[in-house]
């Protein structure tokens, strides 16, 4: 139960209190008239006008019972004690009003310590008044007491019945008021949790959309940038040898055609995945393996960047997601080298299997890099490394070029060595 919980009546509840007060007031007037006619107190009965005043004081404050529950309960209790003491001819509606007042203190008073004090004060006051009344009546009825051996006198039995009824009356008002407060606080907690969960759901949905957009952008960048870069380099080479070596130009143009075909194929796979409900963008390259980096280096060499490939350590099975991400990191590194390293640059790609993980390192020569300029390519590589639970280092080399190193830990189930390593083609 929250310590900050507070109950505030709504306009509808306040209108309901006004209706309750009006109904109780009319009922009190009718009860007073009938009680006066029936002479419930006999010769000790007070005048009828006192009952009318008592009806107003005991019922009309109920119109404000949720706003000021403590004050209303005290006013009704004092009116009730006074009415019973001076024998005002009305006892039924006043009893109901007292019960409602005590219940409301327990159900609606936000200061719980004060709520307990008000209720205990009224109950103790009523108990004291009841004991005094019983003592006074016992003395006046002493000479009339008819005690039979082994039996209880009618007067004592009547007093015990009064005590039992008062215990049930005040105990019930206290208990039901407290239960109403607890139920309201629990309902407020549930409503708050529901609101929090709804906000979380909205945030999660927005984050999911953002992550999907990032994944789509990363895949499009990796697919398009790589193939377009290769085609651009090959087209430039074909232009240079077009007149001197038509046969070489033909081979280069065939390579451009193949790169374009591969780009269209991968884009089609990506679009088909996006159109499939629940499809993940990483599925477009789910057939890629870490050994496919060998083909990547061969294509890089054919595109004009001489690239060496080496496997260090004993190969082990690599989960598909990790293999795809490492492949894309190597692909992006070679693409950047072709675009920025300059004429005469070379590259080395090393796949290193170590205890507990696998590392892919791409080192290229070429132009010196004074400072790294963050771009979509680097961002995508870092996201892929993080998505695989690994790290990425991109550092300029003192003699020119860059070193890109991605290291990813492998699950224990993947650390059984392969019987056969895939060789470069």
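A few points about this structure:
- Overall, the anisotropy analysis places segment 11-198 in the oblate class: the square-rooted eigenvalues a ≥ b ≥ c of its C-alpha gyration tensor yield a/c not less than 1.5, with a/b not exceeding b/c.
- D by Stokes-Einstein for segment 361-411, Kirkwood Rh over Cα pairs, 37 °C, 0.692 mPa s: 281 µm²/s.
- Linear extension gain, residue 133 paired with residue 47, 0.36 nm per residue minus alpha-carbon span: 28.8 nm
- Full extension of the chain between residue 212 and residue 162 gives 10.6 nm of extra length, using 0.36 nm per residue less the Cα-Cα distance.
- Two-site FRET efficiency, residue 110 against residue 253, from Cβ-Cβ distance with R₀ of 60 Å, rounded to 0.05: 0.10
- Rg/Rh ratio calculated on Cα atoms of segment 288-425 (Kirkwood radius): 0.96
- Footprinting exposure proxy ranking of 302, 202, fewest other C-beta atoms within 10 angstrom first, gives 202, 302.
- Percentage relative contact order, segment 11-198, counting C-alpha pairs under 8 Å, at least six apart: 21 percent
- Of 272, 295, the sequence from fewest to most neighbouring Cβ atoms within 10 angstrom is 272, 295.
- Over segment 293-357, the hull volume per residue, using the convex hull of the C-alpha atoms, is 82 Å³.
- Footprinting exposure proxy for 243, 348 (fewest neighbouring C-beta atoms within 10 Å first): 243, 348
Read the figures in this text as sums done on the coordinates, not as results from a lab. Computed from a predicted structure; not experimentally measured. We place every Cβ from the backbone using ideal geometry, glycine too, and count neighbours over all the protein chains shown.
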